[in-house]
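Note sheet for the following structure.
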Amino acid sequence: MPEWIKVAENMPVKEASIRKVKAGGHNICLVYVEEKFYAVSSKCPHAGGELAGGWCKDGNLICPIHRYQYSLETGRGAAGQGDYIDTFPVEVREDGVFVQVKKKWRLF
Ligand code: FES
């Protein structure tokens, strides 16, 4: 069952930012760029790079390790990469920034 989890306070953001947050057992990259929030998985599918250490360009998140690119809107890798990252819905509410995730099950 998907649920909305608060990952940040809702306060005025002046600059683009990328930070790693946790929500429902997922490691998520919370990106604020061009006055909009995006939430995507923080692990690069190429070789496990930390996408929160990357940067944004033309609507893509760039991995700092080998510079693979992923669309912030769709998660799709650039042409020729043949991969993708998960994207998560984001809502900015009065009481915070929320990301919708499916909780991961824990095994004993
Ligand atoms: S680990 Fe991200 S591009 Fe290689």
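The values are calculated or read from the model by the stated rules, or taken from the named source; none is laboratory data. Please read all numbers here as calculations on a predicted model, not as lab measurements. Cβ: placed from backbone, ideal geometry, glycine included. Neighbour counts: every protein chain shown.
Here are the numbers:
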{"quantity": "Residue satisfying condition, being over 13 Å from the mean Cα position of the chain (by Cα) and among the small types (Gly, Ala, Ser), within set 25, 59, 75, 53", "calculated": "25"}
{"quantity": "Which listed residue, of 20, 57, is of a type outside the set (A, V, I, L, M, F, W, C), on the phi < 0 side of the Ramachandran plot and loosely packed, with under 12 Cβ neighbours inside 10 Å", "calculated": "57"}
{"quantity": "Hey, residue 41 modelled with pLDDT of 95 or more, surrounded by fewer than 19 Cβ atoms within 10 Å (Cβ to Cβ), at negative phi and among the polar types (S, T, N, Q) or not", "calculated": "yes"}
{"quantity": "Check on residue 98, over 15 Å from residue 17 (Cβ atoms), away from the ligand (no atom under 12 Å from the Cβ), in contact (Cβ under 8 Å) with a residue 60 or more places away in the chain and not aliphatic (A, V, I, L, M)", "calculated": "yes"}
{"quantity": "Search result, residues across the range 60-74 that are within 14 Å of the ligand (Cβ to nearest atom), crowded, with 18+ Cβ neighbours inside 10 Å and in a loop (DSSP other than H, G, I, E, B)", "calculated": "63, 68"}
{"quantity": "Members of the range 38-54 that are within 8 Å of the ligand (Cβ to nearest atom) and closer than 22 Å to residue 103 by Cα", "calculated": "44, 45, 48, 51"}
